[in-house]
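So the structure is just underneath, and the comments pick up after that.
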Amino acid sequence: MRIKDDKYTGLLQAIAYTVTIAVSLACLLPFLLIISASLSSNESIIRDGYRFIPTQISLEGYKTVFIFPGEVLRAYGVTALSTVIGTALGLFLMTMAGYVLSRKDFKYRNAFAFYIYFTTLFGGGLVPWYILLTKYLGMLDSYKVLVLPGLMTPFLIILMKNFIRSAVPEELFESAKIDGAGDFLIYWRIVLQLSMPGIATVGLFLALHYWNDWFTSSLFINDPQKYQLQFYLYNVINSAQFIAQMGAGTGVSLTTDVPTESTKMAMAIVVTGPILFLYPFVQRYFVKGLTIGAVKG
């Protein structure tokens, strides 16, 4: 019977590995296709379509993206700065909020938790939000608008609260109180040390939000010097498409001069490349933090 069980166990493991490899390849192949298209000439993409192996290698897409390297580096700097500052401040505020809401001795924790959850169901809408940030808070065309509105996310606060409640025993709070530790010392020396998986998960969500944000720049930023990377490249590809359409409308072919297809793929690589290097450092915390924070509480 033991041999039979081992046989079935090995078969199930083989099936699980096969499915995992197949799913991994399914996720990897589109990215490889984007890399190949970014290294292909615009004419070969239009003529032959997207291929995993370029039929005609060209760097014209990257040359178009970096036609003004100083502007690209400036946009990179704005995005990187807003991502670092926003992620650090957001983690600090949301971990403190999660710690307070997880404490059973906080009398109004359920009321505050409901208020935070309520904001995920109902919102004022885009127009009141725009008026609030521009007219009353004075954030129009300011670097502050790239950071402050995204600091507190209700879903991430709830996720952090659930993780802290499951990861830090209540008895640990009580023993720290007996030893004379205050609330902030408990938060700083105990909660943060035991909540690294949850912090890494929330930090990754925050970093992805700030790094991929282009909508904020499109609404609140008028100065091109303050554009985020995504919005800057969005304008580049729109300008290239506009030039190509104008050339087609006047009967003048500008396809070879404006590599719109390869530029799109090169732009995707430029935008997603840096954030891909961040994920391996937090991957070991990510799954644990997401599952524990989601099912406990």
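The values are calculated or read from the model by the stated rules, or taken from the named source; none is laboratory data. Everything numeric here is computed off the predicted structure, so don't read it as measured data. Here Cβ is always computed from backbone atoms with ideal geometry, including for glycine, and neighbour counts include all displayed protein chains.
Computed values, structure above
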{"read-out": "Condition check for S38: closer than 25 Å to S262 by Cα and within 29 Å of the chain's Cα centre (by Cα)", "value": "yes"}
{"read-out": "Selection from the range 82-102 of residues that are touching a residue at least 24 places away in the same chain (Cβ under 8 Å), over 24 Å from I186 (Cα atoms) and out of contact with any helix residue (DSSP H, G or I) (no Cβ under 7 Å at 6 or more places or on another chain)", "value": "I85"}
{"read-out": "Helices (runs of 4 or more DSSP H) wholly inside the range 163-215 containing at least 2 residues that are at pLDDT below 85 and closer than 30 Å to D141 by Cα", "value": "none"}
{"read-out": "Top-ranked residue of the range 66-80 - restricted to ones that are aliphatic (A, V, I, L, M) and surrounded by 15 or more Cβ atoms within 10 Å (Cβ to Cβ), ranked as modelled with the lowest pLDDT", "value": "V72"}
{"read-out": "Filter pass, L93 being assigned to a helix (DSSP H, G or I), in the same structural domain as L146 (by TED's automatic domain parsing) and surrounded by 12 or more Cβ atoms within 10 Å (Cβ to Cβ)", "value": "yes"}
{"read-out": "Pairs where the first residue, in the range 154-174, is touching a residue at least 12 places away in the same chain (Cβ under 8 Å) and surrounded by fewer than 19 Cβ atoms within 10 Å (Cβ to Cβ) and the second is assigned to a helix (DSSP H, G or I) and of a type in the set (S, T, Y), C-beta under 7 Å, 6+ apart", "value": "P154/Y117; P154/T119; P154/T120; F155/T120"}
{"read-out": "Failed criterion for P128 (all others in (1) exposed (fewer than 14 other Cβ atoms within 10 Å of the Cβ); (2) assigned to a loop (DSSP other than H, G, I, E, B); (3) at negative phi hold)", "value": "(2)"}
{"read-out": "Among the candidates S142, S102, residue that is within 23 Å of K226 (Cβ to Cβ), surrounded by 14 or more Cβ atoms within 10 Å (Cβ to Cβ) and out of contact with any Leu (no Cβ under 8 Å at 6 or more places or on another chain)", "value": "S142"}
